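Here's the structure, in structure tokens; my notes come after.
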């Protein structure tokens, strides 16, 4: 599955896109956990991060399937 990260999360992961393998029955939270294993510091952003599956904002308990695209949108500052 394709995972896209934006803003600060992209920097913490060292890039904007990743491909991850998922098992049947996994959820967006499981995709996050895969990313956090390689960059544990991202967990500090989880509470305020929005998840998007195939262009639609979803909860972290949303099921995912092979072929989905999941994007993570952390809070963005600026003015």
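Observations
- If you go through the range 16-28 and pick out every residue that is loosely packed, with under 15 Cβ neighbours inside 10 Å and farther than 12 Å from residue 71 by Cα, you end up with 4.
- Test: residue 30 is free of Cβ contacts under 8 Å to residues at least 40 places away in the same chain, closer than 17 Å to residue 4 by Cβ and under 12 Å from the mean Cα position of the chain (by Cα): yes
- Residues satisfying the stated conditions in the range 1-22, i.e. out of contact with any strand residue (DSSP E or B) (no Cβ under 8 Å at 6 or more places or on another chain) and over 17 Å from residue 48 (Cα atoms): 14, 21, 22
- Pairing each residue of the range 56-74 that is over 15 Å from residue 1 (Cβ atoms) with any residue that is exposed (fewer than 14 other Cβ atoms within 10 Å of the Cβ) and modelled with pLDDT under 95, provided the two are 6+ apart or on different chains, yields C-beta distances under 7 Å for 74/48.
- As a summary of the residue check, residue 2 satisfies the conditions (1) surrounded by fewer than 17 Cβ atoms within 10 Å (Cβ to Cβ); (2) free of Cβ contacts under 8 Å to residues at least 24 places away in the same chain except for the one numbered (2).
- The residue list 13, 35 contains one member that is on the phi < 0 side of the Ramachandran plot, buried (at least 16 other Cβ atoms within 10 Å of the Cβ), free of Cβ contacts under 8 Å to residues at least 40 places away in the same chain and under 10 Å from the mean Cα position of the chain (by Cα), which is 35.
The values are calculated or read from the model by the stated rules, or taken from the named source; none is laboratory data. Just so it is clear, the structure is predicted and the values come from calculations on it, not from any experiment. All Cβ positions, even for glycine, are placed from backbone atoms using ideal geometry, and neighbour counts span all protein chains on display.
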